[in-house]
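Notes follow the structure.
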Amino acid sequence: MPEYVPLKVSDPNLLFDATGKRPIVGMTHEEMAAFLEELGEPKFRAKQLFQWVYQKGAKSFDQMTNLPAGLRHKLEERAMVALLEDEVEQHADPTRTTKFLFRMLDGQKVESVLMKHDYGNSVCVTTQVGCRMGCTFCASTFGGLVRNLTAGEIVDQIVMMQQHLLEGERVSSVVLMGSGEPMENYDEVLKAVRLMHDPEGLNIGYRHITVSTSGLVPAMRRLADENIPITLALSLHAATDELRSELMPVARIWPVAEVLAAAREYGEKTGRRVTYEYILIEEVNDKPEQAAELSQLLHGSLAHVNLIPMNPVAERPQYRRPARERVIAFRDILEEHGITATIRREMGGDIDAACGQLRNRVARKRGAARS
Ligand code: SAH
């Protein structure tokens, strides 16, 4: 069996050496207080700074009108507020789904999606540039992993999208399902999750935050012990080791039985119902007997299955989205077996909202323009 080699993460702050300025977004209360002390300023200003950055979405120190001018000037010289800049914005249905591409300081791009539902606004954010998991149906994986995002770059996606909402509206839920494998970027992701939860900032309840993983068992176990009741979504996509390994190379390291045991343990420890994601690919994993296999596998666990009709990827023409009837038939079999299942609304499929697709398309166009 292949062995999992953890990613070696370099100090994310090193990324910013070139500018010499410290990014404020991504700092905790304590880090802000320490930084203010370094500047010879009183620590109590940290609370105001925190609110400006995360709650009010300030983009410059000038806007922070309740901070003394001297402090604002010092901050201007030694720090920067935000990490992301707008690059591209695409609207599916202008009132409901918007896909964003943001540019980071090193020129790398991240994509995020804002979805307006009747019950609130949810966002999907990215945790890594590219991905090294190699899932064969996924667009994020083609260029491999470029780098981890810092906590600041993760949270700033939400702050940026919050700016696009009307006065009085807020982002109420977050899914970490953009490109990348969040559990490979564990420390920065956890820091970002705590920051987005902070009541002085974005104030998003832990129960409204979902982390999706391709199934890195040790990290799932670690997450279960953090004592933060976020929802875990496991990308299962197949009920047998044979098919799962074909779709997801990570399954060669942790077989289905092991990854399911870790997911169940997460459910038991946190009391949270685990979501099992299952993308439906025509004739690959959408047959009635496969629905029955999946039902047997999940029987007796506190589970919710999220069926995702595959978003076609240009590089993988052999994988097709099944017809609607097949999707419904699959769902019905699960329900007959007593497994709760929903079919994901395909919001934004027409605007490349499936992970990795916008970034890839922009890169392709740029590449074509250069040659
Ligand atoms: N790496 C994590 C999170 C990012 S992917 C994970 O694997 O869960 C978020 C979800 O989108 C996963 O369930 C992933 O399998 C799914 N996905 C990837 N490519 C897709 C595609 N082409 N169509 C539909 N869903 C896709």
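The values are calculated or read from the model by the stated rules, or taken from the named source; none is laboratory data. From a predicted model like this one, the values you see are computed outputs, not experimental measurements. All Cβ positions, glycine included, derive from the backbone under ideal geometry; neighbour counts span all protein chains shown. Ligands, DNA and RNA are excluded from the accessible area calculation, which covers all protein heavy atoms including side chains. Shrake-Rupley method; radii C 1.70, N 1.55, O 1.52, S 1.80 Å.
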Residues whose built amide H sits under 5 Å from the amide H of ALA341, excluding neighbours closer than 5 in sequence, are VAL305
Residues of the chain: accessible area per residue with a 1.4 Å probe, Å²: 44
Which one, ILE281, VAL5, LEU71, is farthest towards the positive end of the dipole of the chain when Lys and Arg carry +1 and Asp and Glu -1 on their Cβ? LEU71
³J(HN,Hα) across the range 227-239 via Karplus (A = 6.51, B = -1.76, C = 1.60, θ = phi - 60°), whole Hz, x for Gly/Pro? 6, 10, x, 7, 7, 9, 10, 9, 7, 8, 6, 7, 9
Could you sort the peptides 231-240, 43-52 by per-residue average Cβ neighbour count (10 Å cutoff), highest mean leading? 231-240, 43-52
Sequence-separation-based contact order of the chain, relative, with Cα cut under 8 Å and 6+ spacing, percent: 14
Helix-only mean residue ellipticity at 222 nm for the chain, each DSSP H run of n ≥ 4 adding -39500 (n - 2.57), per residue, nearest 500: -9500 deg cm²/dmol
Rule-of-thumb Rg ratio for the range 84-370 [Cα; 2.2 N^0.38 Å; N residues]: 0.96
For the chain, with a Gaussian network of springs between Cα atoms less than 10 Å apart, report the residue from GLY120, GLY168, GLY134 with the top mean-square fluctuation. GLY168
If amide H atoms are modeled at 1.01 Å from N in the peptide plane, then the residues at a separation of 5 or more from GLY130, or on another chain, having amide H under 5 Å from its own are VAL146
Connecting every pair of Cα atoms under 10 Å apart in the chain and solving the GNM, the largest mean-square fluctuation among PRO317, PRO255, PRO309 falls on PRO317
For the range 155-161, just list the computed ³J(HN,Hα) in residue order, Karplus coefficients 6.51, -1.76 and 1.60, θ = phi - 60°, integers in Hz, with x standing in for Gly and Pro. 5, 4, 4, 6, 4, 4, 6
Quick check: at a probe of 1.4 Å, how many percent of the accessible area of the chain sits on carbon and sulfur atoms? 50
Using θ = phi - 60° and the Karplus form 6.51 cos²θ - 1.76 cosθ + 1.60, what ³J(HN,Hα) does each residue of the range 35-50 get, whole Hz, x for Gly and Pro? 5, 4, 4, 4, 7, x, 10, x, 5, 5, 5, 4, 4, 5, 4, 4
Whichever lysines have a C-alpha closer than 18 Å to that of LYS56, once near sequence neighbours (fewer than 8 apart) are set aside: LYS47
Can you compute the charge dipole magnitude of the chain about its Cα centre, using +1 on each Lys and Arg Cβ and -1 on each Asp and Glu Cβ, nothing else charged? Give it in debye, rounded to the nearest 20. 580
Going by amide H atoms built from the backbone, whose H comes under 5 Å of the H on HIS117, apart from near neighbours? SER122
